[in-house]
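The values are calculated or read from the model by the stated rules, or taken from the named source; none is laboratory data. It should be emphasised that the depicted structure is a prediction, and the values quoted were computed from it without experimental measurement. Note that we place each Cβ from the backbone using ideal geometry, even for glycine, and neighbour counts take in every protein chain shown.
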Amino acid sequence: MTLARSIPLMVSLNRFFWRLFGVLLLPGLIAGVAAGAGTRSPEEGPPSSGGRGKPVALGENSFTLVTLTNEIQPEWLRPPTNLFRLGPGDTIEIENLGHPEARSGAVVGPDGKIYYTLLPGLPVWGLTLTESKELLEKELNRYTRVKPELSVSLRNVGSKRIWILGTVQAPGVYPLATPLTLLEALSLAGGATPVGGSLTGMADLKTSFVMRNGQPLGIDFHRLLGLGDLSQNIYLQPDDFVFIRSSVARNIYVLGAVAAPNVIAYSDRLTLLGALASAGGTVEYSRVGQVAIVRGSLNSPRIALVDYKAIYLGKAPDVRLEPGDIVYVPFVAYRKLALLAENLIQTLVTTLAANEGSRAAGGNAIGVSAPVNR
């Protein structure tokens, strides 16, 4: 990526990062306060040698498939009918039809105003091109005998953009001037790139996502890119975040009532005991008898409840983890598995988006945050 392209990318992504900062930092501080009370083992019992017997793999009957509420809405598949409205950073071209040589550009400033000839700043933020043209003609007519005829066109878009990051040919920030589908956006970014070192040579479509207003959308990238299912080809909106995840990233995510919520590199020997130990152990008063393991795609997650206390005390065998698992130690008891899974997936998606945006802007990854209980 050239320097000219990287500078606006860094500025835009830093804005995005700070927008997510409150979402990520506040829950993390809450977790930090809880961790400050000191970690301890379940029921202050002595640690075992790793559970009774060899670690076991959780069978399919251990998991419950949950239905999420972020399903694709029918209106997302229809092109937007609203006209483009100007905002700060947009550049328009103004031409006086009576004087073709009098053509100039005007940038919508941070205050939402443009400055043209001798006119004072005109507020165009939120106006369409037609409405801006009419406003300019009205104000210019105050100083002319004959009402001027103007032509106003859009030259550059700076107020509306989408983020396309991850395993694509040209990751970056793209302007959104006209209706754009998800497939068209991925084409602009050059499409998904082959992934060296992975088993399939492709991106991890199960954990790729589109985030809108801080919420993951129910887009199934496997159906869209792998099967050509156009029912997943939604129209994007300003500030949508598209992330195609690399299949090389084989991580475990440990969240909730642990001393240090963390991303842990997967290994064939990684178990629940080892993952929680890597996160500094559980904090005081955590619900160690209801540790949740979320597995599967972001759109069809499965969740299992594990008694970590029994494993820790050697009364039950340890549990093997798989790449992509989300391990969550609750602060309080919960009742609805679907809400829990949805909360965890939102936390994971927000964290991945902020980390990827930070790296693309030249910064460092910021780790993971602790989800807020619902």
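When Ser159, Ser151 are checked against the criterion of being more than 25 Å from Asn70 (Cα to Cα), modelled with pLDDT of 90 or more, of a type in the set (Gly, Ala, Ser) and surrounded by 15 or more Cβ atoms within 10 Å (Cβ to Cβ), a single residue qualifies: Ser159. Of the listed requirements (1) at pLDDT below 85; (2) within 25 Å of the chain's Cα centre (by Cα), Ile72 misses just one: (1). Taken over the stretch 302-328, the criterion of being of a type in the set (D, E, K, R) and under 34 Å from the mean Cα position of the chain (by Cα) is satisfied by Arg302, Asp307, Lys309, Asp318, Arg320, Glu322, Asp325. Against the numbered list (1) of a type in the set (A, V, I, L, M); (2) touching an Asp or Glu at 6+ places or on another chain (Cβ under 7 Å); (3) modelled with pLDDT under 85, Ile366 comes up short only at (2).
Could you check, for the stretch 289-312, whether at least one of its residues is surrounded by 23 or more Cβ atoms within 10 Å (Cβ to Cβ), in contact (Cβ under 8 Å) with a residue 40 or more places away in the chain and of a type in the set (S, T, N, Q)? Looking for residues that are surrounded by 23 or more Cβ atoms within 10 Å (Cβ to Cβ), in contact (Cβ under 8 Å) with a residue 40 or more places away in the chain and of a type in the set (S, T, N, Q), one finds none in the stretch 289-312, hence no. Scanning the stretch 253-281 for residues that are over 14 Å from Arg320 (Cβ atoms), in contact (Cβ under 8 Å) with a residue 60 or more places away in the chain and in contact with a Lys or Arg (Cβ under 8 Å, 6 or more places away or on another chain) gives Ala257, Gly281.
Of all residues in the stretch 114-136, none that is in contact (Cβ under 8 Å) with a residue 12 or more places away in the chain has its Cβ atom under 8 Å from the Cβ atom of a residue that is surrounded by fewer than 15 Cβ atoms within 10 Å (Cβ to Cβ) and basic (Lys, Arg), 6 or more apart or on another chain.
Mind listing whichever residues of the stretch 51-105 are closer than 30 Å to Asp318 by Cα and surrounded by 17 or more Cβ atoms within 10 Å (Cβ to Cβ)?
Taking the stretch 51-105 and keeping what is closer than 30 Å to Asp318 by Cα, we get 51-68.
Hits for the stretch 51-105 are Gly51, Pro55, Leu58, Phe63, Val66, Leu68.
Listed by first and then second residue, the pairs with beta-carbon distance under 7 Å, at least 6 apart or on different chains, first residue in the stretch 316-336 and within 15 Å of Ala277 (Cβ to Cβ) and at pLDDT below 95, second of a type in the set (Ser, Thr, Tyr) and part of a loop (DSSP other than H, G, I, E, B), are Val329/Ser286.
Scanning the stretch 120-142 finds no residues that are over 41 Å from the mean Cα position of the chain (by Cα), over 25 Å from Asn82 (Cβ atoms), at pLDDT below 90 and in a loop (DSSP other than H, G, I, E, B). Of the strands (runs of 3 or more DSSP E) lying entirely inside the stretch 170-288, those containing at least 1 residues that are surrounded by fewer than 20 Cβ atoms within 10 Å (Cβ to Cβ) span 172-175, 204-212, 251-256, 262-265.
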